[in-house]
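Visitor: I have a structure here, written as structure tokens, and I will follow up with some questions on it.
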Amino acid sequence: MESFADAKYIFDTIWLLISGCLVMWMAAGFAMLEAGLVRSKNTTAILTKNIALYALACLAYYVIGYDLMYGEGNSFLGMGAFISSASDGDHSGLSDFFFQVVFVATAASIVSGTVAERVKFWPFMVFTLVLTAFIYPIQGHWTWGGSALGGLIDGFSDFAGSTIVHSVGGWAALAGALLLGARKDKYTADGKVNPIPGANLPLATLGTFILWFGWFGFNGGSQLALGSKDDANAISAVIANTNLAACGGAIMAMILTQILYKKVDLTMVLNGALAGLVAITAGPDYPSMGLAAVIGAIGGILVVFAIPFFDKLKIDDPVGALSVHLVNGIWGTLAVGIFNPDVSLFAQVKGIVVVGIFVFAVSLVVWGVLKAIVGIRVSEELEYEGVDAFEFGLHAYPEFTGGFHSGTKPISGSSSGSKEMTGQLNPEMAK
Amino acid sequence: MESFADAKYIFDTIWLLISGCLVMWMAAGFAMLEAGLVRSKNTTAILTKNIALYALACLAYYVIGYDLMYGEGNSFLGMGAFISSASDGDHSGLSDFFFQVVFVATAASIVSGTVAERVKFWPFMVFTLVLTAFIYPIQGHWTWGGSALGGLIDGFSDFAGSTIVHSVGGWAALAGALLLGARKDKYTADGKVNPIPGANLPLATLGTFILWFGWFGFNGGSQLALGSKDDANAISAVIANTNLAACGGAIMAMILTQILYKKVDLTMVLNGALAGLVAITAGPDYPSMGLAAVIGAIGGILVVFAIPFFDKLKIDDPVGALSVHLVNGIWGTLAVGIFNPDVSLFAQVKGIVVVGIFVFAVSLVVWGVLKAIVGIRVSEELEYEGVDAFEFGLHAYPEFTGGFHSGTKPISGSSSGSKEMTGQLNPEMAK
Amino acid sequence: MESFADAKYIFDTIWLLISGCLVMWMAAGFAMLEAGLVRSKNTTAILTKNIALYALACLAYYVIGYDLMYGEGNSFLGMGAFISSASDGDHSGLSDFFFQVVFVATAASIVSGTVAERVKFWPFMVFTLVLTAFIYPIQGHWTWGGSALGGLIDGFSDFAGSTIVHSVGGWAALAGALLLGARKDKYTADGKVNPIPGANLPLATLGTFILWFGWFGFNGGSQLALGSKDDANAISAVIANTNLAACGGAIMAMILTQILYKKVDLTMVLNGALAGLVAITAGPDYPSMGLAAVIGAIGGILVVFAIPFFDKLKIDDPVGALSVHLVNGIWGTLAVGIFNPDVSLFAQVKGIVVVGIFVFAVSLVVWGVLKAIVGIRVSEELEYEGVDAFEFGLHAYPEFTGGFHSGTKPISGSSSGSKEMTGQLNPEMAK
């Protein structure tokens, strides 16, 4: 280090790396949150999806997505050279790649929760591939990667991705939920909603805390620089505001469920905190802490009403991801237009709509093609038995639920059902 | 960045932020530790309390506490201006606020463990509000926020809060435990102690590891600066010592339970590690690593004797928080007076006593007023059934314990018991 | 801070500290991974071992190991002076100690998984003591601590410890597994392998994510410096490559288990990710991200074949640690010789062989002596009942498995069996 420019380079680079590590850790948060909120018979499936989607998202974004998003003219597959040349700036190009690649995994993680307990594994993975290699990077290019679309959404402001990451995941998930349909036992014939409790609430709480913790990197790192007093001050504001927005969301969900249902609902408090986090993400840099808490608190209100609203529409979302990430991704983006005098509300609306239409439409096509060709939903029998037993061959908690879940019967005509279920490894491995 | 002063500003600020993130993460540690050590029928309750108290503590400290603690003349509610002016120093004012606000949540987290399995939710939240808005900041002002009390405790030294954070949480918890009384089945009529095993020891172990990890920020960040070689050296000593003190506590608890009980007791090893962490917190900067390990090891001894001691007094503490945070908060503070030649043992004793009397007395009044007005303890029936089912409407592990816990009977006259228990969301939400 | 040299000192020191914190956090990852993959009746045991071994490893390395590894002439117990003098370099000596001490705990953590469900606690702890005080530091001295062995392995290159940490843990574990023998019910008389499913796959998944996250510190910190643009660029490459190698390993295990067994196997995907991490650890600094992904992917392939291979040899390894850490520690070290033009493949082979022979032989002796003198394996009865109940007196999940596990019968002649099992604390404590 021989100059202040060198010191700035180091600060900027290491901040991207530390923040990126925290965002990677959010993948664990999604995995635990979703695993806690599904039933035990589908827990192995959601765990497998969450780790596999993270890995696939990183590889797909490396091979295709990053270059699409940040390359000039979206030159396919020229990334190797591109990343190197990115090194000539204020920070290491690879630190930038690392910080960006963990974001795309976040978007993909949102989808897995909404389509849980009924989606087939491999079609889900194919959708993840398309989302992370193409859909996410293309819309990301419009705002973060350059301008785009003939300047259609110029002026659109999204600091860390309420729209670009969270609502993108939400739109993709909504398309999937619509084409998949609800879980069989979720909505009864006479119009009632049958609540399906999650199997492991400590896990869901842990997941929420992980996400909250990781969000400091998600939002804090999005300053993209640390090497000046202004950057340090901005990151301080971003982290303090992110924290208070989550607090506002959690407290409001706590109060509101007490008022509406006479009971504080833990899953709503968790989703309230997450709603606050999503809501502040589009603009954690400009507000006072008080305003940040209010923006988060409104997020908490929205999530408490959105979850039963989606149920009224019979859109089944086992973990509430649409209410958290889509509804509050929109709200957070609008809030910047409302409260930040430097940003036009109209530009925010345009950004939300343009990104929403693109992602939802393309996702609908991709899910639709998958549905037509290979099917995206597991069989009724598998859904009844739980996908863990027969699609994955491993119970998540073999000793706590008696190996087979209550209500489980062997697949008709399969005498090997129980044998297939005995192993931590598939029985073929034992040969 | 144009000067070394700028670089120092950035170092100091980012270190407060990174450390603050680690301390926030400790909230997850307390949640997992306590959720692992209570019974499954009260797990949703402890999870809800832990996330809600963190959120409330942050908001209360933002609105009132921070200004009380660090403002001049304790001017109420003038904090907005205060935080901004704090920015003119060596680091961003908001980074300082963030680091301080996560500390107050730690103090509050300690209370929830001791009063677990029998305290009513809302009175607990009111107590948390008073603790974090008033009690903690007022006593914190005496040492960290300025001088106080006519110089009564001048010379008192508490690096990261063995007294100011941990024993404060402990005294507040002790007052609550005394007014609440023990869990019904904890002490039998003939004077025996009935051990009540925690439902999920991997969770408790995870919580301990999270706290250990987060403590590097708790103690390391309390250096409050990084931007000089001396600061970097001091932080290195703090972190290395913090780690070895925890090791000393864990190993001593391991050895001691083997000797005393012929079996190594996992929960004691966990509490031994935590005891070592609390004990080193008052002075992780001055000792050699060997001395740090000894201070921690004595903490491990204390916790092994303190837990049955509190049981002998029939003070019921489901997670051992008094033994860890109160007893070792005192021990750690005394240790500085004993081993650090620059600190007077008498000043340490005065600090411990003054803070202890204030916090215990005020806490007793607050818990007492709550007890008189609304009651602080759940009904016998709720305690028997578990608070999750009827106060929160959600089982933490609905599939592992058969939905209803062994020994659970429907509340008399309530035919809707089982209906109320079916949902992840409250049944009203499903309408 | 008054010079760029000061700034460099601060950068280098804080990076070692932050990285060291992440590596400490890996101890939680091993604990959760192993607790998730054993049966519930042996879960308290593995948790106790994992926290105790971490604590013991730190103390043993402090008192003896660090000085053996990095001191001149391996002067025993002179470390106090040594660490201080180490401060005169580019970073704080205590930050270096902290970073090194968490590495030795990693090596020890590997062993506990392989010998799980049958090893006696205290002999295991004695082995850990010898491993961390002597075996690890002596071989570590040969490469990282100086040159050694008359230059025998000069030229050997191991960036962050594929050989020096991971295969060392693996060789020590292999020696233990051979002398312990397999779990009684693992291999049937007619040569079949009886898969023994892990009790808690969300825990195992969480552990894998923790390890992945912590590995950014393990490999990133091994650059040992941050205070120059070159260091910042190198760390960026290390972290980006580490991430993609894990992705490659996970995806390859996913694909391969689908092909071989017609089902994606979650535990294989987890081990695939870990295999990728171990494989890249010897050289995360030199390859392109594409090559890093390939090295990790080959790790994923190796683990899928190694696990049944060890079973064919009747070497019982409940968590697959040999396949992950030993096989891929070797592979990753070889890969540097193959792909890095600056490193000789022959030197790599020599390093692997020399370290392997030394660690395996000494471990075999230590395990052998322990076996001869006190025995290293629990009784048949304890193995059948689960070690938690009678060696540790605490069930890990007392409410989920009915207190006693299926198939459990009281120890013959012991009428106190159930009494001994009722407490969170040992019953003696209640007196």
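The values are calculated or read from the model by the stated rules, or taken from the named source; none is laboratory data. None of these values were measured; they are calculated from a predicted model. Don't worry about glycine lacking a Cβ; one is built from the backbone with ideal geometry, like all the others, and counts go over all protein chains shown.
Visitor: Name the residues in the stretch C:273-292 that are buried (at least 24 other Cβ atoms within 10 Å of the Cβ) and farther than 25 Å from C:Gly155 by Cα, would you? Lay out the reasoning, then the answer.
Guide: At the first step, the residues of the stretch C:273-292 found to be buried (at least 24 other Cβ atoms within 10 Å of the Cβ) are C:273-284, C:289, C:292.
Across the stretch C:273-292, the qualifying residues are C:Ala273, C:Leu274.
Visitor: Where in the stretch B:22-86 are the helices (runs of 4 or more DSSP H), entirely inside, with at least 3 residues that are at pLDDT 95 or above, within 11 Å of chain A (Cβ to nearest Cβ) and under 15 Å from the mean Cα position of the chain (by Cα)?
Guide: Values: elements: B:43-60, B:66-70, B:79-86.
Once the helices (runs of 4 or more DSSP H) in the stretch B:22-86 are filtered for at least 3 residues that are at pLDDT 95 or above, within 11 Å of chain A (Cβ to nearest Cβ) and under 15 Å from the mean Cα position of the chain (by Cα), what remains is B:43-60.
Visitor: Taking into account only those residues within the stretch A:144-184 that are part of a loop (DSSP other than H, G, I, E, B), in contact with an Asp or Glu (Cβ under 7 Å, 6 or more places away or on another chain) and in contact (Cβ under 8 Å) with a residue 12 or more places away in the chain, which is surrounded by the fewest Cβ atoms within 10 Å (Cβ to Cβ)? Steps first, please.
Guide: First, the residues of the stretch A:144-184 that are part of a loop (DSSP other than H, G, I, E, B): A:144-148, A:152-161, A:181-184.
Now drop any that are not in contact with an Asp or Glu (Cβ under 7 Å, 6 or more places away or on another chain), which leaves A:147, A:159, A:182-184.
Now drop any that are not in contact (Cβ under 8 Å) with a residue 12 or more places away in the chain, which leaves A:159, A:182-184.
Numbers: A:Phe159: 21, A:Ala182: 18, A:Arg183: 18, A:Lys184: 13.
Filtering first and then ranking leaves A:Lys184.
Visitor: Then there is this: Restricting to the stretch A:324-383, name every residue that is assigned to a helix (DSSP H, G or I), at pLDDT 95 or above and over 26 Å from A:Thr132 (Cα atoms). Break it down into steps so the answer makes sense when it comes.
Guide: Of the stretch A:324-383, the ones assigned to a helix (DSSP H, G or I) are A:324-339, A:345-373, A:380-383.
Retained after the next criterion (residues that are at pLDDT 95 or above): A:324-339, A:345-373.
Passing the criteria: A:Ala335, A:Val336, A:Gly337, A:Ile338, A:Phe339, A:Leu345, A:Phe346.
Visitor: Does B:Leu270 qualify as being touching a residue at least 40 places away in the same chain (Cβ under 8 Å) and more than 9 Å from chain C (Cβ to nearest Cβ)? Give the steps one after another, and end with the answer.
Guide: Working: touching a residue at least 40 places away in the same chain (Cβ under 8 Å): yes; more than 9 Å from chain C (Cβ to nearest Cβ): no.
Against the criterion (touching a residue at least 40 places away in the same chain (Cβ under 8 Å) and more than 9 Å from chain C (Cβ to nearest Cβ)), B:Leu270 does not qualify.
Visitor: Do you know which residues across the stretch A:232-291 are among the aromatic types (Phe, Trp, Tyr) and part of a helix (DSSP H, G or I)? Give the steps one after another, and end with the answer.
Guide: Within the stretch A:232-291, the subset among the aromatic types (Phe, Trp, Tyr) is A:261, A:286.
Once the filter is applied, which keeps residues that are among the aromatic types (Phe, Trp, Tyr) and part of a helix (DSSP H, G or I), the stretch A:232-291 yields only A:Tyr261.
Visitor: Before we move on, is B:Ile301 at pLDDT 95 or above and away from chain C (no Cβ under 13 Å)?
Guide: Working: at pLDDT 95 or above: yes; away from chain C (no Cβ under 13 Å): yes.
So B:Ile301 fits the description; yes.
Visitor: Also, quick follow-up: For the stretch B:293-332, name all the residues that are surrounded by fewer than 23 Cβ atoms within 10 Å (Cβ to Cβ) and of a type in the set (Gly, Ala, Ser).
Guide: The answer is B:Ala306, and nothing else.
Visitor: Mind checking which residues of the stretch C:238-268 are of a type in the set (A, V, I, L, M) and over 24 Å from the mean Cα position of the chain (by Cα)?
Guide: Narrowing the stretch C:238-268 to residues of a type in the set (A, V, I, L, M): C:238-240, C:244-246, C:250-256, C:259-260, C:264, C:266, C:268.
Listed by number, the residues that qualify are C:Ile255, C:Leu256, C:Ile259, C:Leu260, C:Val264.
Visitor: Would you mind finding the one in C:Gly140, C:Gly198 that is in a loop (DSSP other than H, G, I, E, B), closer than 30 Å to C:Val374 by Cβ and under 19 Å from the mean Cα position of the chain (by Cα)?
Guide: On the way: C:Gly140 fails: in a loop (DSSP other than H, G, I, E, B).
Criteria check complete, one pass: C:Gly198.
Visitor: On to the next question. Look at C:Asp342 and say whether it is among the charged types (D, E, K, R), within 14 Å of chain A (Cβ to nearest Cβ) and surrounded by fewer than 24 Cβ atoms within 10 Å (Cβ to Cβ).
Guide: Working: among the charged types (D, E, K, R): yes; within 14 Å of chain A (Cβ to nearest Cβ): no; surrounded by fewer than 24 Cβ atoms within 10 Å (Cβ to Cβ): yes.
No.
Visitor: I need a count of the residues in the stretch B:88-122 that are in a helix (DSSP H, G or I) and either under 19 Å from B:Ala31 (Cα atoms) or among the β-branched types (Val, Ile, Thr) (or both). Can you show your working first?
Guide: Going through the stretch B:88-122, the residues in a helix (DSSP H, G or I) turn out to be B:93-114, B:121-122.
Subset that is either under 19 Å from B:Ala31 (Cα atoms) or among the β-branched types (Val, Ile, Thr) (or both): B:101-114, B:121-122.
Total satisfying the criteria: 16.
Visitor: Right, here's the next one. Filter the stretch A:217-264 down to the residues that are farther than 22 Å from A:Phe98 by Cβ, more than 9 Å from every other protein chain (Cβ to nearest Cβ) and either touching a Pro at 6+ places or on another chain (Cβ under 9 Å) or of a type outside the set (Val, Ile, Thr) (or both) and list them by number.
Guide: A:Asp230, A:Ala245, A:Met252, A:Ala253, A:Leu256
Visitor: Also, I was wondering about something else. Every residue in the stretch A:195-216 that is more than 7 Å from chain B (Cβ to nearest Cβ) and over 19 Å from A:Thr242 (Cβ atoms), please.
Guide: Of everything in the stretch A:195-216, those that are more than 7 Å from chain B (Cβ to nearest Cβ) and over 19 Å from A:Thr242 (Cβ atoms) turn out to be A:Leu203, A:Ala204.
Visitor: Here's a follow-up. Would you mind finding the one in B:Val264, B:Val327, B:Val294, B:Val303 that is in contact with a Leu (Cβ under 6 Å, 6 or more places away or on another chain) and among the aliphatic types (A, V, I, L, M)?
Guide: Details: B:Val264 fails: in contact with a Leu (Cβ under 6 Å, 6 or more places away or on another chain); B:Val294 fails: in contact with a Leu (Cβ under 6 Å, 6 or more places away or on another chain); B:Val303 fails: in contact with a Leu (Cβ under 6 Å, 6 or more places away or on another chain).
Matching residue, one of B:Val264, B:Val327, B:Val294, B:Val303: B:Val327.
Visitor: How about the stretch B:185-213: which of its residues are among the β-branched types (Val, Ile, Thr) and under 20 Å from C:Ala389 (Cβ atoms)? Working first, answer last.
Guide: Restricting attention to the stretch B:185-213, the residues satisfying the condition of being among the β-branched types (Val, Ile, Thr) are B:188, B:193, B:196, B:205, B:208, B:210.
Across the stretch B:185-213, the qualifying residues are B:Ile196, B:Thr205.
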